[in-house]
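Read the structure below first, then the notes.
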Amino acid sequence: MSDEQAEFKILLESICQLTNEYYGVIPLQGYGSEKLSMIDTVESVRAHAQKLDDILELELSYKILLAAQANLSRMSPLDYLYKSINCQLEALNPDDIDSQFILRYIRASAPPNTKVEQILKISRANDDERFNERNVGNRYLLWHGTNICNLISILMRGLLVEPLCAKGTGKQFGRGIYTADEFGKSLAYCSGVKKNGNESCCMLLCEVALGNTHMVTDKTSSDYRAQLDTSKYQSRTAHGSSIPDPRYTIIRDSGVRMPLGEIITCKNAQHLAHVCTHNEYIIADSSQIVIRYIIQFVR
């Protein structure tokens, strides 16, 4: 056996040992009659890193709910939860102008079975200060879908740029926080609580400062998955073949843009080599995104 083969054998034995230790600590479902697979590729490491991240999100929610139960004699569980997340939440009147704009934004791309139950305006401590200090322009209100199980953690910590070991699925344009200008696009990343044949979910509507954005126009380009060059760009934009009609993009008093147009086929000659079906906007710095609204809906 050559030195190279011996070194490779030692490496495999080490991976096998570490894999066994991992499976001994982290319980997994669905392997009752199957052999556990080796964690020996970048993809498998990312997949299990995502599972660990999900567990940590659930642990945070569990601890808060457990503490709420422990303090039941002196405080309502809802009051305890509200104090714990350190956010200000305000239910919008359906007749408010903000609600009407948001509902139009939703209806432009939402499936017919989507029923909005409530729109909550949110203010997290220090978010606006960080956002304004960053002083990045080109601001849009964009959608971000999430699992309802992660909502408590998101409200407490904000949206975070995923670590390098995070899940690669759905992250085809590199590392960052992914947003979209179509409710229907971000809907694919929402999951909630199912009851009586319906699913109750939450969607985030965020103010995103795109700044100078790196345009991805060709999926064959060698740099469309590369880490963003933050010395030149503050975001990455992947142009889709279906887009909100740009004629109906409005600018609010605050200067933020809302793409309210119906979904049309993109005819911009600069974007004919579409890299995806819908527009995606990727932010490399969490200080460039602020959650403005939570949409509670049923589908």
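The values are calculated or read from the model by the stated rules, or taken from the named source; none is laboratory data. As the structure is a computational prediction, the values presented were derived from the model and not from experiment. Note that each Cβ is placed from the backbone with ideal geometry, even for glycine, and that neighbours are counted across all protein chains shown.
Exactly one condition in (1) touching a residue at least 60 places away in the same chain (Cβ under 8 Å); (2) crowded, with 16+ Cβ neighbours inside 10 Å is false for THR237; which is it?
If we test THR237 against (1) touching a residue at least 60 places away in the same chain (Cβ under 8 Å); (2) crowded, with 16+ Cβ neighbours inside 10 Å, just (1) comes out false.
State yes or no: is GLY192 modelled with pLDDT under 90, small (Gly, Ala, Ser) and surrounded by 15 or more Cβ atoms within 10 Å (Cβ to Cβ)? If you could, list the steps in order and put the result at the bottom.
Details: modelled with pLDDT under 90: yes; small (Gly, Ala, Ser): yes; surrounded by 15 or more Cβ atoms within 10 Å (Cβ to Cβ): yes.
Here the answer is yes, as GLY192 does meet what is asked.
Right, VAL161: touching a residue at least 12 places away in the same chain (Cβ under 8 Å), in the same structural domain as SER254 (by TED's automatic domain parsing) and farther than 29 Å from VAL275 by Cα or not? Explain how you work it out, then say what you get.
Working: touching a residue at least 12 places away in the same chain (Cβ under 8 Å): yes; in the same structural domain as SER254 (by TED's automatic domain parsing): yes; farther than 29 Å from VAL275 by Cα: no.
Judged against the criteria, VAL161 is not a match.
I'm checking my understanding of the structure. Among residues of segment 255-286 that are at pLDDT 90 or above and not hydrophobic (A, V, I, L, M, F, W, C), which one is nearest to ASN212 (Cα to Cα)?
So, considering only residues that are at pLDDT 90 or above and not hydrophobic (A, V, I, L, M, F, W, C), the one nearest to ASN212 (Cα to Cα) is TYR281.
Give, as residue ranges, the strands (runs of 3 or more DSSP E) completely inside segment 235-299 that count at least 2 residues that are polar (S, T, N, Q) and under 23 Å from the mean Cα position of the chain (by Cα).
Of the strands (runs of 3 or more DSSP E) lying wholly inside segment 235-299, those with at least 2 residues that are polar (S, T, N, Q) and under 23 Å from the mean Cα position of the chain (by Cα) span 235-238, 240-244.
Quick one: is ILE39 of a type in the set (Val, Ile, Thr), part of a loop (DSSP other than H, G, I, E, B) and modelled with pLDDT under 85? I'd like the intermediate steps shown before the answer.
Details: of a type in the set (Val, Ile, Thr): yes; part of a loop (DSSP other than H, G, I, E, B): yes; modelled with pLDDT under 85: yes.
Criteria met by ILE39.
Report yes if some residue within segment 85-107 is over 26 Å from GLN296 (Cβ atoms), outside any loop (DSSP other than H, G, I, E, B) and at pLDDT below 85; otherwise report no. Steps first, answer last, please.
Restricting attention to segment 85-107, the residues satisfying the condition of being over 26 Å from GLN296 (Cβ atoms) are none.
Taking every residue of segment 85-107 in turn, none turns out to be over 26 Å from GLN296 (Cβ atoms), outside any loop (DSSP other than H, G, I, E, B) and at pLDDT below 85.
Among (1) more than 18 Å from ILE283 (Cβ to Cβ); (2) at pLDDT below 85; (3) not charged (D, E, K, R), where does GLY184 come up short?
(2)
So which residues in segment 146-161 are out of contact with any strand residue (DSSP E or B) (no Cβ under 8 Å at 6 or more places or on another chain) and of a type in the set (S, T, N, Q), if there are any at all?
Hits for segment 146-161 are ASN150, SER153.
Test of understanding: among LYS115, LYS63, which residue is of a type in the set (Lys, Arg) and touching a strand residue (DSSP E or B) at 6+ places or on another chain (Cβ under 8 Å)?
Numbers: LYS63 fails: touching a strand residue (DSSP E or B) at 6+ places or on another chain (Cβ under 8 Å).
Every option except LYS115 fails the conditions.
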